[in-house]
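Enquirer: Below is one structure. I have some questions about it.
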Amino acid sequence: MYLIIERELELRLVVSPERIIPVAARLAYRSDDPFAVHIVFHITSEAPVHWTFARDLLVEGVFRPAGHGDVRVWPGRADGRPVVCMALSSPDGDALLHAPVAPVSAWLERTLRVVPSGAEAGQLGLEEGLDALLAASAPSGAEESPAGRPPDEPGEAGR
């Protein structure tokens, strides 16, 4: 079973210094996809716009500039209020968005309580899956050489 943590909020799309458009958005975090955050923007197009990027990038960007390339996040101020700035680039265009820092930070704290930073890999079950895979593929009674290779591998003879 996995948990989903969502938060609806209004972002500001900065078209120019003089023109800022409110944009409804939904932040989503899924414990079965623990490294990622998902943002869905409800704009005037037929379908909503989806972006997915690293949760760590958003966490860091609340406090200091983070990211390179397609997603950059940094703290800022707009109209005298603290915001999280997000610059998103794609082949379809670029966008600069401002999100109010308080609800973003509160939402991030909720995600970190569900899956703490550094514990993401444990949510994926990689260790259990790898153990099961290796146990299923190992021939019964197989022995390994001291070098970690089966005794019949090349390089083992003549030692």
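The values are calculated or read from the model by the stated rules, or taken from the named source; none is laboratory data. The shown structure was predicted, so the numbers you read here are calculated from the model rather than taken from an experiment. Ligands, DNA and RNA are stripped out before the accessible areas are found, and what is left, the full protein with its side chains, is counted by its heavy atoms. Shrake-Rupley method; radii C 1.70, N 1.55, O 1.52, S 1.80 Å.
Enquirer: So, with a 1.4 angstrom probe, what is the percent of accessible area on segment 1-129 that is carbon and sulfur? Can you show the working numbers first?
Expert: Details: 4180 of 7620 Å².
Carbon and sulfur: 55 percent of the exposed surface of segment 1-129.
Enquirer: Over all directions, how big on average is the projection of the convex hull of the alpha-carbon atoms in segment 31-72, in square nanometres?
Expert: Working: hull surface 15.3 nm².
Result: 3.8 nm².
Enquirer: Using only the Cα atoms of segment 37-114, construct the convex hull and provide its projected area averaged over every direction, in square nanometres to one decimal. Mind showing how you got there, number by number?
Expert: Working: hull surface 22.8 nm².
If you wrap the Cα atoms of segment 37-114 in a convex hull and average its projections, you get 5.7 nm².
Enquirer: Give me the 1.4 Å probe accessible area per residue for segment 2-59, excluding ligands and nucleic acids, in Å².
Expert: Working: 3320 Å² over 58 residues.
Here the residues of segment 2-59 average 57 Å² of exposed surface.
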